[in-house]
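The values are calculated or read from the model by the stated rules, or taken from the named source; none is laboratory data. Remember, predicted model here, so these are calculated numbers, not experimental data. So basically every Cβ, Gly included, is an ideal-geometry build from the backbone, and we count neighbours across all protein chains shown. Areas reflect the complete protein model, heavy atoms only, side chains present, ligands, DNA and RNA absent. Shrake-Rupley method; radii C 1.70, N 1.55, O 1.52, S 1.80 Å.
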Amino acid sequence: MALPLAGKIIIPILVLAVIGGMVALIVVIVNDQNDSANTTLPPPSTTPLTTPSTSSTPSTEGTTSSATPDTTTEGPIAKETLYQVGVGIADMTGPCVEVNFMGYAEIGQSGRGLHTRQFSRAFLFVQGDTRIVLVTADVLAIGIGVRREVVKNLQELYGDMYSLRNVILTGTHTHSAPGGHLVDLLLDITILGFSRETYNAYVAGITRSIVRAHENIVPARLFFGQTRVSGVQKNRSPFSYENNPAEERERYDGNTDAVLTQVRIEREDGSVHGALTWFPLHATSMNMTNRLISADNLGYAAVRLEKELNAMYQSRRPIVAGFFPANLGDVSPNTQEARCEFSDKICDNQFVLCDRMERCFAGGPGKDMFESTQIIGTAVFEAALEVLSRDGTELKGDLAVMHQFINVPEEVVPKYDPVNRRFITNEPVRGCKPALGYSFASGTTDGANVFNITQGTLTGVPELDGLLGAIMSPTVEDIECHAPKPILLATARANSTIPWHTQIVSATVIWLGGFAVAGVPGEPTTMSGRRIRDVLGDVMRARGYQPRVEVMGLTNEYIHYISTFEEYQVQRYEAASTLYGPHTLEILLNKFAELTAAAIDGGVVDPGPEPEDHRENASSLLPPVILDATPIGRKFGDVLISPPTIVRVGDVVSVAFVAANPRNDIRQESSHADVERYEEGEWFTVATDADWETRFHWERISSIFGTSRVRYEWHVPAGTRPGTYRIVYRGAWRSIAGFITQFTGATDTFIVQS
């Protein structure tokens with residue numbers, strides 16, 4: 001049923017208020033309420049970890065691999081296997097200004113430029129009739145809408161070779177990228193609705209990366225390796241983690257997984273073709289105050305590794321290094337204690353609160369978010385490079401991808417016993433209709449709500465429930481199913497033209513010759529990931545395989561978080577954001593066990609009920625670009641601030657130009673501004689807006705007159721060659737009639753001295 005106009009206006013305003021903490025009434029209200037079982041498979045090894053820092057010895061922390069070097073043959077198959085593997089990378093950068101970022105749900109966090117570009121990295125594995133496409137994209141998450149369009153593009157090129165079954169898309173989970181592409185109402189509402197510009201940019205870039213992988217297939221071998229990375233993460237919800245069974249927690253030496261897992265793709269001549277790396281880490285080193293597109297810490301690690309490998313091998317085609325988030329749900333890169341932003345006292349948004357209007361959030365380890373991103377990214381890059389330098393264990397045997405759509409609220413599955421590591425077949429549990437709890441509105445110490453709505457809320461507020469009940473009222477069944485979660489937003493009960501949350505999600509298992517990857521459509525917590533590894537590892541052991549398993553978050557859809565049953569009882573942010581009730585993880589555990597068995601045994605799984613397509617019903621409040629204009633006496637590209645005559649390594653060169661809106665041309669596979677060096681009568685590009693050392697800032701001067709300017713910074717890095725340089729800006733201006741005209745501006749030359 002269509003909503004009246006008043007409803008269309010009231011709903012977004014009210015929901016934005018709940019998410020962003022903008023309604024004083026909500027703040028006042030919330031702050032004032034201040035056996036008998038069947039064993040499935042034997043348990044995996046529980047060898048303790050003792051190795052500090054980065055180590056070449058695979059570990060059991062958060063994994064199911066042995067704590068001794070892995071030199072065993074691969075289960076029942078021990079033959080040398082040569083696969084066909086393609087890798088591809090493409091620029092997928094979206095509109096860098098005037099579109100809100102997806103991640104922190106900060107209404108005012110709209111883009112104002114670029115720090116680094118977004119890239120899509122594709123890996124294509126082929127064996128006989130089996131094809132697996134695995135993509136990691138520099139974005140918070142990918143939804144079914146983008147995936148459908150990417151598959152449509154591929155099918156237009158290659159027929160039915162690619163489908164929703166074997167095209168697996170993931171996000172690195174950066175919180176510094178434009179949103180509006182996920183279609184589900186709640187996921188796009190803080191971006192002011194669906195952004196066709198963002199959607200088209202992501203579809204184009206992801207498609208291009210897969211096409212390049214398809215055209216770059218070579219015979220290759222796969223090698224598995226692991227190491228540990230320390231000092232780059234902390235658990236941001238230790239109180240929740242401690243509610244897991246003591247016997248389970250004693251198997252591990254910490255409340256985060258410090259293991260980095262990698263698959264190296266090696267050509268027949270022994271050179272590196274590409275690398276896939278998994279590590280549990282939130283891409284939130286760039287905080288909620290950032291307004292520049294950034295691939296954050298994992299994106300930094302990927303660019304560093306690609307530069308290193310391409311320089312090392314001088315490959316004719318780019319070597320691609322993809323980084324995938326593992327069980328990152330409660331894992332923060334902000335290693336310092338969370339503090340109140342004004343009083344500087346330690347806080348946690350649950351037991352120790354800041355004053356009202358004072359945010360509680362963490363930072364570090366650097367002096368600012370740029371330095372912190374670089375420090376964390378460097379540590380992950382160095383660990384990945386260290387694994388690449390070792391022989392590793394060759395993966396041999398079959399390839400398989402198992403994908404199924406599941407209607408989570410309709411699932412009834414055996415309960416899981418995490419202490420004895422078994423499913424209890426005579427204790428069925430079920431999923432719930434999607435809903436978010438009160439603590440969802442609290443945010444986390446990675447990006448806190450300005451009013452400090454308390455985490456760990458176990459009791460609803462009647463006044464607020466009544467207010468929201470006019471829009472979405474949970475049923476008695478919902479309340480009982482989600483208990484002890486007090487429901488804040490019963491999103492399944494909202495009356496709108498498109499759903500606030502999906503009920504049908506993807507579950508995926510990728511099998512790479514003895515290595516299983518569980519694709520989770522959201523953010524599993526540390527212990528949730530450990531249980532997934534346990535279950536898949538048991539399935540592998542039962543079939544004679546060494547249990548090599550990794551968890552891959554943000555796969556194919558975004559369903560917020562997946563907490564354990566025990567963590568759910570505490571109802572911190574991650575648990576309140578577990579959409580389908582206390583047994584969400586158990587539904588996925590049962591499904592992953594089924595898919596893993598089918599992958600190994602060569603079975604076939606039912607595709608499941610494909611979700612409805614709501615893209616045509618999505619609406620937007622994002623204003624378009626109307627026109628661009630220049631100040632009187634100026635033209636587009638004129639230099640407003642010139643560089644100094646002489647600069648040295650370590651200096652920051654900052655220049656400004658009369659500009660137009662970058663949304664007129666997002667310049668995928670290109671650059672808004674370059675640093676160029678003059679050499680032998682020609683200009684050569686030495687840095688673009690994709691480089692870490694540059695920052696591209698756009699500023700609207702007058703919305704009425706359509707004037708704007710660009711400021712471009714170049715932080716002159718060590719190793720810069722002395723010589724003559726200039727900075728070039730390329731823009732595109734829009735006339736009132738809608739015509740786009742390209743232009744270029746260039747500064748005077750300047751000298752770089754060592």
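Cut-off under 23 Å on the C-alpha distance; same-chain residues fewer than 8 positions from Lys396 excluded. Which lysines are left, in chain and number order?
Correct list for Lys396: Lys79.
Where the only charges are on Cβ atoms (+1 Lys, Arg; -1 Asp, Glu), what is the dipole of the stretch 638-752 about its Cα centre, to the nearest 20 debye?
Numbers: 12 positive and 15 negative charges, 89 e Å.
Value, rounded to 20: 420 debye.
What is the stretch 367-481 by shape, rounded, prolate or oblate, if you read a ≥ b ≥ c off the alpha carbon gyration tensor as root eigenvalues and call it rounded for a/c under 1.5, prolate for a/b larger than b/c, and oblate otherwise? The partial results should precede the final answer.
Values: a/c = 2.81, a/b = 1.30, b/c = 2.17.
In terms of gyration-tensor shape, oblate.
Multiplying the sequence separation of Leu640 and Asn407 by 0.36 nm and subtracting their Cα-Cα distance, what value in nm do you get?
Details: separation 233, 0.36 × 233 = 83.88 nm, distance 5.70 nm.
Stretched fully, the Leu640-Asn407 segment lengthens by 78.2 nm.
Expressed as a whole percentage, what fraction of the accessible surface of the chain belongs to carbon and sulfur atoms when a 1.4 Å probe is rolled over the protein heavy atoms?
52 percent
Once phi is turned into ³J(HN,Hα) by the Karplus curve 6.51 cos²θ - 1.76 cosθ + 1.60 with θ = phi - 60°, what whole-Hz value does each residue of the stretch 609-622 show in order, with x for glycine and proline?
Running phi through 6.51 cos²θ - 1.76 cosθ + 1.60 with θ = phi - 60° gives x, 5, x, 5, 9, 10, 4, 6, 8, 6, 10, 9, 9, 5 Hz.
If you plug each phi of the stretch 165-177 into the Karplus form 6.51 cos²θ - 1.76 cosθ + 1.60 with θ = phi - 60°, what whole-Hz ³J(HN,Hα) values come out, in order, with x for Gly and Pro?
6, 10, 9, 10, 10, 10, x, 6, 6, 4, 9, 10, 8
Near Lys591, which aspartates and glutamates are there with a Cα under 19 Å away, not counting those fewer than 8 places off in the same chain?
Lys591 reaches Glu410, Glu411, Asp417, Glu427, Glu523, Asp534, Asp538, Glu550, Glu557, Asp601, Asp606, Glu610.
7 Å from Cα along Cα→Cβ at both Ile346 and Thr289: what's the point-to-point distance in nm?
My value for the distance between the label points is 2.3 nm.
Taking amide H atoms as placed 1.01 Å from N in the peptide plane, list the residues 5 or more away in sequence, or in a different chain, whose amide H sits under 5 Å from that of Arg131.
Counting only residues 5 or more places away or on other chains, the set is empty.
Can you spot the lysines whose alpha carbon is less than 17 Å from Lys433's alpha carbon? Ignore those fewer than 8 places along the same chain.
By straight Cα distance, Lys433 reaches Lys485.
Rounded, prolate or oblate: which fits the stretch 638-752, taking a ≥ b ≥ c as square roots of the Cα gyration tensor eigenvalues, rounded meaning a/c under 1.5, else prolate when a/b beats b/c?
On the way: a/c = 2.15, a/b = 1.88, b/c = 1.14.
Verdict is prolate for the stretch 638-752.
As an exercise, use a Förster radius of 30 Å and the Cβ-Cβ distance of Glu610 and Arg317 to find the FRET efficiency, rounded to the nearest 0.05.
Efficiency at R0 = 30 Å is approximately 0.25.
Given Ile632, Ala516, Pro582, which one lies farthest toward the positive end of the charge dipole of the chain, if we put +1 on the Cβ of every Lys and Arg and -1 on the Cβ of every Asp and Glu?
It is Ile632.
Counting Lys and Arg as +1 and Asp and Glu as -1, each charge on the Cβ, what is the dipole of the stretch 380-469 about the Cα centre in debye, to the nearest 20?
So the magnitude is around 280 debye.
Positive end of the dipole of the stretch 638-752, charges at C-beta (+1 Lys, Arg; -1 Asp, Glu), about the Cα centre: which of Pro722, Phe696, Ala660 has its Cα farthest in that direction?
So the residue furthest toward the plus end is Ala660.
What is the distance in Å between the Cα centres of the stretch 299-329 and the stretch 435-514?
Taking the Cα centre of each part, the stretch 299-329 and the stretch 435-514 sit 36 Å apart.
Quick one: what do you get for the stretch 690-754 if you divide its Cα Rg by 2.2 N^0.38 Å?
Normalised by 2.2 N^0.38 Å, the Cα Rg of the stretch 690-754 equals 1.45.
What is the set of long-range amide H partners of Tyr416 at a cut-off below 5 Å, with H atoms built 1.01 Å from backbone N?
Ile424
With +1 on each Lys and Arg Cβ and -1 on each Asp and Glu Cβ, how big is the dipole of the chain about its Cα centre, in debye rounded to the nearest 20? Please list the in-between numbers first.
Working: 63 positive and 86 negative charges, 257 e Å.
It comes to approximately 1240 debye.
Which shape class applies to the stretch 96-200: rounded if a/c is under 1.5, otherwise prolate when a/b exceeds b/c and oblate if not, where a ≥ b ≥ c are the square roots of the Cα gyration tensor eigenvalues? All intermediate terms of the calculation are to be shown ahead of the outcome.
Values: a/c = 2.63, a/b = 2.04, b/c = 1.29.
It is prolate, given that a/c is not under 1.5 and a/b is the larger ratio.
Got a sec? Charge dipole of the chain, +1 on Cβ for Lys and Arg, -1 for Asp and Glu; which of Pro486, His181, Val570 is way out at the positive end?
His181
Can you tell me the length gained on complete extension of the stretch Leu82 to Met161, counting 0.36 nm per residue apart and subtracting the Cα distance? Walk me through the numbers on the way to the answer.
Numbers: separation 79, 0.36 × 79 = 28.44 nm, distance 2.08 nm.
So the chain would gain 26.4 nm between Leu82 and Met161.
With a 1.4 Å probe and all protein chains left in place, how much accessible area per residue does the chain have, in Å²?
Using a 1.4 Å probe on heavy atoms only, each residue of the chain averages 35 Å².
Multiplying the sequence separation of Ile751 and Val652 by 0.36 nm and subtracting their Cα-Cα distance, what value in nm do you get?
Working it through step by step, the gained length comes to 34.3 nm.
Could you state the number of Å between the C-alpha centres of the stretch 183-244 and the stretch 636-705?
Between the Cα centre of the stretch 636-705 and that of the stretch 183-244, the gap is 29 Å.
Calculated from the structure, Kirkwood radius over Cα pairs in Å equals which of (1) 27.3; (2) 29.3; (3) 26.5?
Correct label is (3).
From the phi of every residue in the stretch 200-207, what ³J(HN,Hα) in whole Hz does the Karplus formula 6.51 cos²θ - 1.76 cosθ + 1.60 yield, where θ is phi - 60° and glycine or proline is x?
4, 5, 5, 4, 5, x, 5, 4
So how much accessible area does Glu610 have, in Å² to the nearest 10, using a 1.4 Å probe?
Answer for Glu610: close to 110 Å² accessible.
Return the long-range amide H neighbours of Thr749 (sequence gap of 5 or more, or a different chain), with a cut-off of under 5 Å between placed amide H atoms.
Excluding prolines and chain starts, which carry no amide H, there are no hits.
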